[in-house]
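Contents: one structure, followed by commentary.
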Amino acid sequence: MTRARCAGVPSRLRTEVLLDDEQRLIQARVSLTQQIDRGSVVLSSQLAGAFLNVPRHPFVPVFYRREGERFIPWRSTDGDAEAWLDAVYTDDSLITEVDGVHAEQADPGGVTGVPTSSSTAPSLMADMLDALDVKEGDEVYEAGAGSGYNAAMLCHLAGDKHVTTVDRSDTLTALARERLNGIGFDPLVIHGDGARDVPPDAMYDRIIATASVRRVPPLWLERCRIGGILVAPLKGTLAGGMIARLTKLPDGTAVGRILHTPAAFMPLKTGTEVEVRYPRFPTAPPVKPRSPAVCWMTGRSRSSPSSTCLTVSSARTAGATTVCTSRRCTTLRAAQPLVSRTCLRGLRW
Ligand SMILES: C[S@@+](CC[C@H](N)C(=O)[O-])C[C@H]1O[C@@H](n2cnc3c(N)ncnc32)[C@H](O)[C@@H]1O
């Protein structure tokens, strides 16, 4: 039903009509998939299939929009349902919780504070899922269930009986479980600390975190099968963050690379982020501070305001052996002199 045809119809009814309009919902998913594919992510057919098949709107029936300092809850029934649906199927993150107050529970006047849960921007989800390379039947563990939308993608890719997702908030886990069940998925949804509450004895082929860690929790590495993949956002001392993709080796360590996608995730709230030592990572010689470095990708000098670089030492601190941008990867070896700075798209000095 078009906006003009809806004139005079109460907004709740208009929403119901819109959310019953299968063609319109398919169109919305196609539009989102195209937005992702037009960006830096080249979607595999598997991932395109996931974004085309798994709807986002059941996971975010209400989310916050920003008005100055305030976060105002926005429901599908709050007025212009078309605008709401467009926002849901736009490649943006949608904030669902601020300082522990879920948008479902917020007063219409909104709240102020710091976002504590969101549905991640779909293109970022796509990048991380692409790196995770989930195959049907893989056992998958997600730390940070949030809205449940990413867990739904994992269910689509691996099969719902193979997915476990954890969140520290019982409101979020209850809602995520209900919404996943609502679209026919029944994964294991756990209320707990994603760094600690990995089900006893379970081993995983794929582990993904959707909240950032300063160090990879040892339990994730322990519970990842040899050859398994672990994708986690790392939070360093820089304002931004980056995503590590590690493969578990037979000796119990892991090696990997940093994705080109810049990412600033909410932190995984836990006091148990114990540093894991990766013997295969080279020990970085001290970086000469303030060297007149030139970014190898852009050729710009450090003082250039539009340079988008991250220092090699930062990448190493995060435990990377290879650093990639959208154009190329570079392997950091112990013997390699630290003459250049490594660029990551979107991260500014
Ligand atoms: C960016 S959101 C996750 C997005 C989610 N994957 C989705 O698709 O909507 C980050 C989530 O991590 C959760 N979180 C923070 N600390 C956690 C912890 N220690 N264990 C599990 N979840 C945690 C937050 O509650 C929040 O829901």
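Please treat every number below as a calculation from the coordinates, not as lab data. Note that the structure is predicted; figures quoted are calculated from it, not measured. Using ideal geometry, Cβ is built from the backbone for each residue, glycine included, and neighbour counts are taken over all protein chains shown.
Determine, from the Cβ-Cβ distance of Leu52 and Asp80 and an R0 of 25 Å, the FRET efficiency 1/(1 + (r/R0)^6), rounded to the nearest 0.05.
0.50
For segment 104-187, what is one quarter of the convex hull surface built on the Cα atoms, given in nm²?
That works out to 6.1 nm².
Taking the Cβ of Ala152 as the center, what net charge do the other residues with Cβ under 9 Å away carry, scoring Lys and Arg +1 and Asp and Glu -1?
+1
Modelling each spin label as a point 7 Å along the Cα-to-Cβ direction, I'd like the Asp107/Ser31 distance in nm, to one decimal.
3.4 nm
Less than 11 Å Cβ to Cβ from Ser76, Lys/Arg counted +1 and Asp/Glu -1: what total charge do the surrounding residues give?
-1
Starting from the alpha-carbon convex hull of segment 122-258, give the projected area averaged over all orientations, in nm².
7.9 nm²
What is the spin-label model distance, in nm, from Thr270 to Asp201 if the labels are put 7 Å beyond Cα along the C-beta direction?
2.2 nm
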